Amino acid sequence: MNKNTLQKRPVYLNLLKIRQPVTALASIAHRISGVFLFLSIPCLIWLLDQSLTSEASYETVIAQLASPVSKLLLIALAWSAAHHLFAGIRFLFLDVDVGVELAAARRSALIVNVLGALVALMAMVAVL
Amino acid sequence: MSIGGSGYKAWLIQRVSAVYMALFLIYFVAGWLVCAPQGFADWAAWMSSLPMALATAMFFIAMLGHAWVGMRDVLIDYVKSTALRFALMAGLAFSLMALGLWAVKVLLVGNL
């Protein structure tokens, strides 16, 4: 490690005070939705398990999914999956240098954020 | 970035699993929209056909590889204590393996 990397550098990372451009919002939402999706994995496998075990447990799952808390979680899940998918596709294009210019990157980030919100809205209409 | 290094492998696992999950998800949602399974018998019949059970089990395995790289990145970014980060990553690895085995049991071994 050279001398420069050992020097104390100023760190200013108060996210609440930094104005977030649209690309940063797409990025942090990709991370937050990813963590939420990770936390939902055990619930999803449990739901799959119960839904395939027997007719009775299937009906129980359907009834549980109709509760207000489940509906809220389903909307969050729909937004997370949709935003993570759209933002992920955007990152795959950025990986191969497509859309890396500032204007294009800002436009695609805005599209991703709007599409994610749109899916959340559709999920809301579907479950409520 | 060195080809063959662990960072390159993680990067590649992330992308390959992402593409598989995206394709499966599009197939799954499209299948649902075209003809949503009606009731338990219909749903169980769809999920228990070997190609669908295999594709879904592969989806969960891809998801666990994907979650490993993503959550590892998150832990590396935010957990500064080496001991705590190591403990969390070990817990993460075992949890993901247990979840993978559970998904495989549900889809390919149990119930059906």
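Read-outs throughout are calculated quantities, based only on the coordinates presented, and are distinct from any laboratory measurement. All values reported here derive from a predicted model rather than from experimental measurement. Neighbour counts are summed over all protein chains in view; Cβ atoms, including those assigned to glycine, are modelled from backbone coordinates with ideal geometry.
Some notes on this structure:
- Region B:47-99 - residue that is among the basic types (Lys, Arg) and without any contact (Cβ under 8 Å) to a residue 60 or more places away in the chain and, of those, farthest from the other protein chains (Cβ to nearest Cβ): B:85
- Residue B:4 satisfies every condition listed in (1) part of a helix (DSSP H, G or I); (2) without any contact (Cβ under 8 Å) to a residue 60 or more places away in the chain except (1).
- Among the residues making up region A:37-55, those that are within 7 Å of another protein chain (Cβ to nearest Cβ) and either in contact with a helix residue (DSSP H, G or I) (Cβ under 8 Å, 6 or more places away or on another chain) or not in a helix (DSSP H, G or I) (or both) are A:38, A:41, A:42, A:45, A:48, A:49, A:51, A:52, A:55.
- Hits in region B:13-45 - residues which are over 15 Å from the mean Cα position of the chain (by Cα), surrounded by 11 or more Cβ atoms within 10 Å (Cβ to Cβ) and more than 20 Å from residue A:61 (Cβ to Cβ): B:26, B:27
- A single member of A:106, A:19 is of a type outside the set (S, T, N, Q), touching a residue at least 12 places away in the same chain (Cβ under 8 Å) and at negative phi, and it is A:106.
- Pair list, Cβ < 7 Å and 6+ apart or interchain, from region A:59-71 residues that are assigned to a helix (DSSP H, G or I) to residues that are of a type in the set (S, T, N, Q) and surrounded by 14 or more Cβ atoms within 10 Å (Cβ to Cβ): A:60/A:50; A:61/A:50; A:61/A:51; A:64/A:70
- Pairs where the first residue, in region B:18-46, is within 11 Å of another protein chain (Cβ to nearest Cβ) and the second is surrounded by fewer than 16 Cβ atoms within 10 Å (Cβ to Cβ) and outside any helix (DSSP H, G or I), C-beta under 7 Å, 6+ apart: B:43/B:37; B:46/B:37
- Looking across region A:69-86, the residues that are of a type in the set (A, V, I, L, M, F, W, C) and farther than 12 Å from residue B:22 by Cα come down to A:69, A:72, A:73, A:74, A:75, A:76, A:77, A:78, A:79.
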